[in-house]
Structure formats: structure tokens, C-alpha cells
1. How much length would be gained if the chain were fully extended between D63 and A233, taking 0.36 nm per residue of separation minus their Cα-Cα distance, in nm to one decimal?
2. Run the accessible area of region 417-558 with a 1.4 Å probe and give the carbon-and-sulfur part as a rounded percent.
3. Sort 240-249, 472-481 by the packing proxy (mean of other Cβ within 10 Å over each peptide's residues), most packed first.
4. Which percent of the Cα-Cα distances in region 186-307 go past 22 Å?
5. Per-residue ellipticity at 222 nm for the chain, helices alone: DSSP H runs ≥ 4 residues times -39500 (n - 2.57), over residue total, nearest 500 deg cm²/dmol?
6. Normalised by the number of residues in region 302-364, what is the relative contact order in percent for Cα pairs under 8 Å and 6+ residues apart?
7. Starting from the eigenvalues of the Cα gyration tensor, five times each then square-rooted, give me the equivalent ellipsoid semi-axes of region 381-476, largest first, whole Å.
8. Taking Cα centroids, how far is region 136-157 from region 450-467 in Å?
Amino acid sequence: MPGSTPVNRRTLLRWGTGVGLGVAAAPLLAACGDGGTAAKAEAIGGKVLPTTTARAINGITADLPGTAAGVPSAYLKYPADLVRATKGTPLKGAKKITAVTETYAPLPADRSKNAAWKAIEKLLGAEIDFTAVPADDYPAKFSTMVAGDQLPDIFMYPETGGVDNLSSFLAAKCVDLGPYLSGSKVKEYPNLAAVPEYAWRDAVKGGKLYGIPIARNGSAGAGFYRADLFAKAGVTNLDQIDSVERLVELAKELTDAKKKQYFFTGGSVNLLAMSSGAQHYWKMDHKTGKWTYQLEDDKYRYAIETAAKLYKAGCFYPGTVQMSGAQKAEYTNLFKNGKAAYVYDGMPGYLTPGAGYVDAMAAIDKAFDVRPIAPVGKDAVAWTDNASLQNCFVSKAAKARVQEILRLADFAASPFGSLEYTLINYGVEGTDYKRDSSGTPVLTKQGTQDVTVPWGKLASAAPAFFSATNPDAAKYVHEAYTKIIPMMIEDPTLSYSSPTWDSKGLGSLYTIHLDGMKDLVTGRKPMSSYDALVKKWRNAGGDTCRAEFEKASQKGKK
């Protein structure tokens, strides 16, 4: 059938959206929140989580402050005066540190010709031998390092997985960071302490804190909507959409096939599901230890049934439900060109300079008022589907050496607008960047080459939002996440693992899920065949995933 595409973690992260009606997960600009409220760290297989605290630095004040729970700070202008986020010379006297991560950017200029790299090393007080590997080549590079027992001091784990048994690999080769970072110990590294708790949950493996998370937003959001079109239908505040039923009414109001104007382009099930209170992939009952999958959730079933009714009512731009993830640009461009009132896509696509929704749609028609949408209605939840890009791990070493490596990670996690952050992202002023009339750093030709060293793949803190072209857009994202973060529900797969889920969950099993969902929404199969879809998924490996998750979670209680 059309639109059938296997999905893996890397694919999701690269697209920043789901496949057709799928799930979103993609990275955003990483930086710290502002404020000083501590978030409660709950136990995962023991009290291993760091106690997270929003970062407050004199001289860096967010226009719209974030929270320790993960609401990002928003900045309407780039800070004029750069202040330090680390003290002194963090690595003074340290021997050379080796680091290897993937990169999606062009390979950086060599250290000897790289002004930004040299400035960072001068500030740190030590040489950093950093190897950046193209993302497509990174799994093979990682396998070679493991096979040759040549792991660097700190390394990024491949997004698609790298070893058959991660827990055993970490126990044999990597440092348990719990004695350095769990609970209040993380205060020694204040930038790492600003990483939201949801990201640290993904860093716990086998009941121990091994990872340094490359943090993201927690939730990828629920997509984007045309506020100007909503206003024409009388909806000037999303709180007016107080139920899924009201959302359905609005979708019908804003659909006019004669004018080729539709409510949806691409998928809708995720928005409907979150607004209905449906779970994400898995839910764990903490009392019974039972795990249930998304397809087995009656609220999710209701969302698919609702999408099918909307499809029958003609609320989808023709042909877009059947599109695959590889055709994402086709259905997102329809939205950008004014053919739909709503599109499901990951939050990174919103503020991306030039190509993002804000800039691209303003270039087409300045009347287009595009904003992030939060799940709507009294039963709404948000999915914890964007906790981290991946984790970095530290090779086994003496205590003093581990502390040095953690100081490097803390440097990499420096907050938005700090001197360290600016060096990492923009380089040296006058050489790598110049400021425009509004004070925003703009890269020079040399800067575009110097700043591609992936320091941000060693660690990152809580996200922050900033738009050099549209300050209001940063406000809209902050407003959306102020609603989304408190709605986020537990993702138990951040705490426990299943080998079958790791290998099939977002591959062959998700293809069954996705293709079956498209059949139901488009009416190719009746809703009465829903139970047959669930059975097919379970028999193909879903029940094996469940058994492995339940066994892992039971062990975690002992």
C-alpha cells in the first residue's frame, strides 16, 4: 500500500515529525532556563536522578523565564553583554581529552585554523581532541571503536543503537555517574543541573545513571495552526476549544473543498489522541506492573475513529493521509502555502531561520499567523516523546579524570546567551560572527566553518527559544510549552528497556501500527477490524515487547 515506510529513531529525529499519521521527535536549540526552583527527582531503580534546578546567571535574564520542570525560557533579543556560565579555567592542568560524536553539519575546520575551537580550548585550559563523524557513518565508526577497544574519554551513543546489550556494555566500559551527579551532587556542575529531569530519566540504564543527556524539549508538541483562520471561526484563544467534539466542529467549519481549503494536511491522530487523553507508546500500571500499548488504549481508539469521521467529512487535503514520511515536505508545504488550517510537525520546524514555518510563511503572505498548538480539552495530555536526542557516556577512568570530563560536559551545557554558549554556536566576534542592527550574531564565511564542531553533542541543557526575525514567535512557543510541560505524562520506556522493542518497536511493529491506522482512517477497512489490527501487532512481537518490559520493571522494584 502507499506510504508504508519503516521508521527508526534516527529517522524520526531527522524528520522532526511522524510518518503520515505518526509520532514526532526532533531536536531544538538547547540552552538553560532561568529562575531557581528545584524540581523533585523521583527514584528510578534507586535514587539516581540528579536534583534539577533552573539556571540563574546574573546578566542573562530571559524575557519569558522558563522553569526547572522544563518550560523553556524565551528571549526576544540576544544578550548584548556576554557573561560566563563556568568559573575560571575549568580544565587547567588537565591532559588532552578525546571526544567523538556524530554530526549532521559539514565537518569543521581543523583546529589549527579554527578560531572558535582555539578560543574554547583557551577558556577551558586544555586540548580537546574532538572527532566529528557524519551521522550516516557514525554507527560503523562506533562499532569499530568498540571492536578495537579504542573508546575515547567521552562519546555519543549512536541514535540507532550500537551494541546488543547496552547495560552489559556500560557496566564493562563506562563510568557510573551516579556518585558524581545523583541528587544534590550535580550542583558541582550547575549547567548540567539545569538539564530537565525528563532528560535525565533517559540517561538511566540498568538502574544506574550512566548517561549525560543531549536534552530536548520533553514533548515535540502537537503541531501548528493558523491563528488567523481560527479567529475567523471565532476562536481567538485555544481554551475555547474545550473538547475533541469542539475541535471536530472547528475542523468542519474551516474546511471548504470548493476553495481547496482544508483543516488537515497530513496526519491528525496525534493531536486528537493527546486531546482525548490517550497514552503515548506504552503505559505501565505501577500497582500491577502491567504494560499496555497505545493501540490497546480505548482513548487512542476513539481518536482513530474520530479521524476516520473527519476524513469521511472531507476535512483532509486529498491524498495527504496516505503520504509517507519521505513526502513530508509535500504536505507541510501545502500548509505553508495556505491550503490547511493545521499541520502536525515537530517544534524544531517552527523557528528555524529562513526555512521554518514562521519565516517561510511570512515570505508567502504576511497575513498568515502560524502558531504552535497545545492539545485541547479538559482531558488533554502531552506525550513525553522528545526527552533527549541521545546520551553521551564516559569511559572508565580515575575519579579525578571523570571530574575533568564532567567539567567539559558542564561547559558544553552552558545556557543561551552566555559567553560559552556564544563561542560554541557563533564563535569569536569579529572573526566568526558580527552583530546585526538588532544585536543578533550573524555568522561570517569563516564562522560557518568554525562553529560546526558539535560541542552541543557532548551535553545540553534545557531548551530556550529565540527568533532573530520574529520575537512574537518566541512568545508563542513559550506560551504553548507553558501549557504542554504540565500536561506531559510518563514514558516508562525511558526507565526500562526491551530488546525486541529496541529492534522492532519503531521498525516493523510500527509499520503494522501505521499502515493499519491509515486503512482505518481512510475507510479502506472498517473500524470493526480494529481488534484484528491489535492482534496482528501483538503476534508480530508486541506481546514479546510487553513481556520484556514487565520483566525489566519487576526487576527494578527489587
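1. On the way: separation 170, 0.36 × 170 = 61.20 nm, distance 3.15 nm.
The span from D63 to A233 would gain 58.1 nm if fully extended.
2. Numbers: 3120 of 5930 Å².
Result for region 417-558: 53 percent of the exposed heavy-atom area is carbon or sulfur.
3. On the way: 240-249: 17.0, 472-481: 21.7.
Order by mean packing, descending: 472-481, 240-249.
4. Numbers: 4044 of 7381 pairs.
Summing the P(r) of region 186-307 above 22 Å gives 55 percent of all pairs.
5. Working: 20 runs with 187 residues, N = 558.
Theoretical 222 nm ellipticity from helices: -9500 deg cm²/dmol.
6. Values: 30 pairs, mean separation 12.0, N = 63.
Contact order relative to length: 19 percent.
7. Numbers: eigenvalues 155, 91, 23 Å².
Each semi-axis is √(5λ); the values are 28, 21, 11 Å.
8. Computed from Cα coordinates, the inter-centre distance equals 22 Å.
The values are calculated or read from the model by the stated rules, or taken from the named source; none is laboratory data. Please read these numbers as outputs of a predicted model, since none were measured by experiment. Virtual Cβ from ideal backbone geometry, glycine too; neighbours counted across all protein chains shown. Side chains included, ligands, DNA and RNA excluded: accessible areas come from the protein's heavy atoms. Shrake-Rupley method; radii C 1.70, N 1.55, O 1.52, S 1.80 Å.
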